[in-house]
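S.K.: Here it is, the structure, as structure tokens.
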Amino acid sequence: MKAAVVRAFGEPLVIEDRPDPEPGPGQVRIRVEACGLCHTDIHAAHGDWPVKPTPPFVPGHEGVGLVEKLGDGVTHLAVGQRVAVPWLGKACGRCEHCLSGWETLCEQQINTGYGCDGGYAEKMLAWADFAQPVPKGVTAIDAAPLTCAGVTTYKALKVADVKPTQLVAISGIGGLGHLAVQYAKIAGATVAAVDVTDEKLELAAELGADLVIDARKHDVGEVLKRHGGAHAAIALAVNEAAFAAVNSGLRRGGKLVMVALPAHGTIQVPIFDTVLNGTSVIGSIVGTRQDLAEVFHLHAAGRTQVICETRPLGSANESIDDVLRGQVKARIVFDLGAGR
Ligand SMILES: [Zn+2]
Ligand SMILES: [Zn+2]
């Protein structure tokens, strides 16, 4: 089977032929149909973050495919069933976080495409308990971006506890942001979309954003304040200045939910304003299995649309370059099912 492999940080991925991986106890082998390209994959390939993966490894945590082989003890999945393999590849199931519905904070977790091989491959392994069944009516291509971009933004809006009367700012309209706009609308909120390209602002408006703010031309904080200030701001742009900009547009009691991960990023949080205004800064990392099940449920019910562009896995390096240059409208999904 073919896989796109990071052999050394910062170097182009290498397409390799590898033997099919054998599922261990509790695992399944999946014939990958599609895998999305998430910005995290680029950070992984570049070794950007303090905790680094160990090359050689296969990135990809939006892998979706058909179960091909069951490891020992797997009884709840069937060969031929479509599943998605998210960032949360495995958690311990026993710690305080796992037991309290916060498995995404488990300290024993293994992350797909980071701590184990991911979905940039024709075949991959997954822990069966964390491979999420994809409901009928959701294609592999659509399921891929939902597996990280979808669940991550859906969870961020849950964390923000968005209510129908509230103003929510979505900063960064890309693979994550275009879904965040839709989840915020489903939650009933008034949505302000913030970006720096015409194409993405137009996309946000098409997807139902009530207000679009071009951060090149306007002071984001001022515009939000003119509309009463945001009850919540979801920071999805991989850019520190964008975090600070939406933070300055919160209303009293507002919440900044940090999601994007600019390498070594920091923002100044003014203590005086934070205390007097009672604002919160919250980190939100991906979502649980239940969150992903809900994301798939919404999509199967026709309530969300995924904007993506499919490419062959062989285009991995140029696709990464295009994402880094900001030249991708929403999500790139590698189509591994082509020609089968
Ligand atoms: Zn991701
Ligand atoms: Zn745990």
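S.K.: What are the residues in segment 107-130 that are within 16 Å of ligand 2 (Cβ to nearest atom) and touching a Lys or Arg at 6+ places or on another chain (Cβ under 7 Å), if any?
M.R.: Gln109, Ile110, Trp127, Phe130
S.K.: Another one. Taking segment 45-58, which residues are under 21 Å from Gln109 (Cβ atoms) and either touching a strand residue (DSSP E or B) at 6+ places or on another chain (Cβ under 6 Å) or of a type in the set (Gly, Ala, Ser) (or both)?
M.R.: Ala45, Gly47, Pro55, Phe57, Val58
S.K.: Does segment 240-273 hold any residues that are part of a helix (DSSP H, G or I) and surrounded by fewer than 20 Cβ atoms within 10 Å (Cβ to Cβ), and which are they?
M.R.: Glu240, Ala241, Ala244, Ile271, Phe272, Asp273
S.K.: What residue, among those in segment 39-69 that are among the hydrophobic types (A, V, I, L, M, F, W, C) and modelled with pLDDT under 95, is nearest to Ala260 (Cα to Cα)?
M.R.: Just the residues of segment 39-69 that are among the hydrophobic types (A, V, I, L, M, F, W, C), to begin with: 42, 44-45, 49, 51, 57-58, 64, 66-67.
Checking which are modelled with pLDDT under 95 leaves us with 49, 51.
Numbers: Trp49: 13, Val51: 16 Å.
Here the residue is Trp49.
S.K.: Just give me the residues in segment 62-109 being of a type outside the set (Gly, Ala, Ser) and within 16 Å of ligand 1 (Cβ to nearest atom), in sequence order.
M.R.: Matches in segment 62-109: Glu62, Val64, Val85, Pro86, Trp87, Leu88, Thr104, Gln109.
S.K.: Evaluate segment 79-98: report whether one residue or more is modelled with pLDDT of 95 or more, among the small types (Gly, Ala, Ser) and surrounded by fewer than 22 Cβ atoms within 10 Å (Cβ to Cβ). Can you show your working first?
M.R.: Keep residues of segment 79-98 that are modelled with pLDDT of 95 or more, which gives 79-98.
Now narrow it down to the ones that are among the small types (Gly, Ala, Ser): 80, 84, 89, 91, 93.
From the residues that got through so far, the ones that are surrounded by fewer than 22 Cβ atoms within 10 Å (Cβ to Cβ) too are 80, 93.
For segment 79-98, residues modelled with pLDDT of 95 or more, among the small types (Gly, Ala, Ser) and surrounded by fewer than 22 Cβ atoms within 10 Å (Cβ to Cβ): present.
S.K.: Let me spell it out: the conditions are (1) more than 15 Å from ligand 1 (Cβ to nearest atom); (2) among the polar types (S, T, N, Q); (3) under 25 Å from Glu107 (Cβ atoms), and Thr40 meets all of them except one. Which number is the exception?
M.R.: Only one criterion in (1) more than 15 Å from ligand 1 (Cβ to nearest atom); (2) among the polar types (S, T, N, Q); (3) under 25 Å from Glu107 (Cβ atoms) is unmet by Thr40, namely (1).
S.K.: Kindly indicate whether Ile213 is within 15 Å of Ser171 (Cβ to Cβ), modelled with pLDDT of 95 or more and surrounded by 15 or more Cβ atoms within 10 Å (Cβ to Cβ).
M.R.: yes
S.K.: Let me ask another. How many residues, within segment 14-60, are outside any loop (DSSP other than H, G, I, E, B) and either among the small types (Gly, Ala, Ser) or exposed (fewer than 15 other Cβ atoms within 10 Å of the Cβ) (or both)?
M.R.: Going through segment 14-60 one residue at a time, the tally reaches 7.
S.K.: Something else about it: If you check Asp48 against the conditions, is it closer than 19 Å to Lys123 by Cα, in contact (Cβ under 8 Å) with a residue 60 or more places away in the chain and out of contact with any Lys or Arg (no Cβ under 9 Å at 6 or more places or on another chain)?
M.R.: Spelling it out, it is not the case that Asp48 is closer than 19 Å to Lys123 by Cα, in contact (Cβ under 8 Å) with a residue 60 or more places away in the chain and out of contact with any Lys or Arg (no Cβ under 9 Å at 6 or more places or on another chain).
S.K.: If you check Gly47 against the conditions, is it away from ligand 1 (no atom under 16 Å from the Cβ) and in contact with a Leu (Cβ under 9 Å, 6 or more places away or on another chain)?
M.R.: no
S.K.: Here's a check for you: in segment 73-103, which residue that is within 16 Å of ligand 2 (Cβ to nearest atom) and in contact with a strand residue (DSSP E or B) (Cβ under 6 Å, 6 or more places away or on another chain) is nearest to Ala45 (Cα to Cα)?
M.R.: Trp87
S.K.: If Phe9 satisfies all but one of (1) part of a loop (DSSP other than H, G, I, E, B); (2) surrounded by 18 or more Cβ atoms within 10 Å (Cβ to Cβ), what's the number of the condition it fails?
M.R.: Failing condition for Phe9: (2).
S.K.: Follow-up. Report yes if Glu202 is outside any strand (DSSP E or B), closer than 23 Å to Gly60 by Cα and more than 16 Å from ligand 1 (Cβ to nearest atom), otherwise no.
M.R.: no
S.K.: Using beta carbons and a limit of 8 Å, which pairs, at least six apart or on different chains, have the first residue in segment 93-121 and assigned by TED's automatic domain parsing to the domain that holds Gln27 and the second one of a type in the set (D, E, K, R) and in a loop (DSSP other than H, G, I, E, B)?
M.R.: Between residues of segment 93-121 that are assigned by TED's automatic domain parsing to the domain that holds Gln27 and residues that are of a type in the set (D, E, K, R) and in a loop (DSSP other than H, G, I, E, B), the close pairs are Cys95/Glu107; His97/Glu107; Gly119/Glu62; Ala121/Arg18.
S.K.: From the list Thr304, Thr197, pick out the single residue that is in contact (Cβ under 8 Å) with a residue 40 or more places away in the chain, among the hydroxyl-bearing types (Ser, Thr, Tyr) and crowded, with 20+ Cβ neighbours inside 10 Å. Before you say what the answer is, go through the steps one by one.
M.R.: Details: Thr197 fails: crowded, with 20+ Cβ neighbours inside 10 Å.
From the options Thr304, Thr197, the qualifying one is Thr304.
S.K.: Still on this structure, I have one more. Determine, yes or no, whether Val14 is away from ligand 1 (no atom under 16 Å from the Cβ) and under 19 Å from Ile141 (Cβ atoms).
M.R.: Criteria not met by Val14.
The values are calculated or read from the model by the stated rules, or taken from the named source; none is laboratory data. Here the structure is a predicted model, which is why all the values come from computation and not from measurement. Every residue, glycine among them, receives a Cβ derived from its backbone with ideal geometry; neighbour counts consider all protein chains shown.
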